[in-house]
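The values are calculated or read from the model by the stated rules, or taken from the named source; none is laboratory data. Computed from a prediction, not measured in an experiment: that's the story for all the values here. Positions of Cβ are generated from backbone atoms using ideal geometry, with glycine treated the same way; all protein chains shown enter the neighbour counts. Calculation scope for accessible area: heavy atoms of the full protein, side chains included, ligands and nucleic acids excluded. Shrake-Rupley method; radii C 1.70, N 1.55, O 1.52, S 1.80 Å.
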Amino acid sequence: MGVTLIDAHHHLWDLKQNPYPWLQEANEPHFFMGNYDALKKNYLWPDYEKDAADHNVIATVHCEAEWSRDDQVGETQWLTDMHQRIGHPSAIVAHAWFHTDNSEEILARQAAFPLVRGIRSKPVTAASPQTMQPKLPGSMQDPMWLEGFARLEKYKLSWDLRVPYWHLAEAAEVAASFPNTPIVLNHTGFPWDRSEEGLAAWRKAMETIAKCPNVWLKVSEFGLKDKPWNYEENKAIVLEALSIFGISRCMFASNFPVASLRIDFNTLVTSMARMVSGFSEKEQQDFFVNNAAKFYRLLG
């Protein structure tokens, strides 16, 4: 039955019961795939199961889905209650700001949930390489942000890093300063600019952060604004990313339902399996199962 896998990154949401401003209000103007009206409906475990039905998903990691920041622990409680009812998801990447006055309180509360393995907290970033400014409040160079980030080690939490590739040099400085904090870069470092120059800049940024041994990679989300999902183009990026990081630090992640704006689950998984078919059976098993299990402390 299909591919046996751990999905290292997906989302669930109940728009009738819970607060997600980005899905319930006007669209975010700078969303990386443009219009996302198709996501503005409930996406619950049965919906995920239906999407993933062609494959043997043995565990999943739920990554925070922009639940209202006024109640950062609410999503974790909701998912924990769900897990107690149906056994899913298997683990949670929760949210906590690093640069706010209540940062430690929120981190402590999140860490108290047994399913929480890490935190995704998006730092302030620039919309393009040309508009970057140093040491903005909430950025990876903000002393308050760094003070909050330092607490991850205390609580034995990893960090899900989600920034455009032009911020990866800054992220590498953070990773080098906190070598005991596991970090996983989301969405293949967002190779959005597919021009020759853009891919060269992405490649250089990926090589910079891959030098930090505590940084792993989620090979996921190749959706582009107003462009279809292209197998050959994405295969070249996947193989390059695996070469830069080494497959032992890379894991498959679906980013569903967001990725469904460009591709269905079965096509995504079968495409990824074809892309990595040149690796050994053990390396493929590591990529689809073992690496995520190790990073997120799954399956015992």
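A few comments on the model shown:
- Carbon plus sulfur fraction of accessible area for the chain, probe 1.4 Å, in percent: 51
- Candidate aspartates and glutamates - alpha carbon under 16 Å from Lys211, same-chain residues fewer than 8 apart omitted: Glu170, Glu173, Glu240
- Between the range 1-51 and the range 97-153, the alpha-carbon center distance in angstrom: 23
- Mean Cα-pair separation over length for the chain, i.e. relative contact order, pairs under 8 Å, 6 or more apart, %: 20
- Accessible surface calculations at 1.4 Å, restricted to protein heavy atoms, place the chain at 43 Å² per residue.
- Size descriptor, Kirkwood hydrodynamic radius, that averages inverse alpha-carbon separations across the chain, Å: 19.4
- Distance between the range 206-250 and the range 257-300 - C-alpha centres, whole angstrom: 12
- Only helices enter this figure: runs of n ≥ 4 DSSP H residues, each worth -39500 (n - 2.57), summed and divided by the residues of the chain, yield -10000 deg cm²/dmol at 222 nm to the nearest 500.
- The range 10-82: relative contact order as a whole-number percent, Cα under 8 Å and 6+ apart: 46
- Contact order relative to length of the range 129-262, as percent, for alpha carbon pairs under 8 angstrom and 6 or more apart: 21
- The range 1-69: GluC sites (Glu not before Pro) falling in loop per DSSP and having at most 13 other Cβ within 10 Å: Glu25
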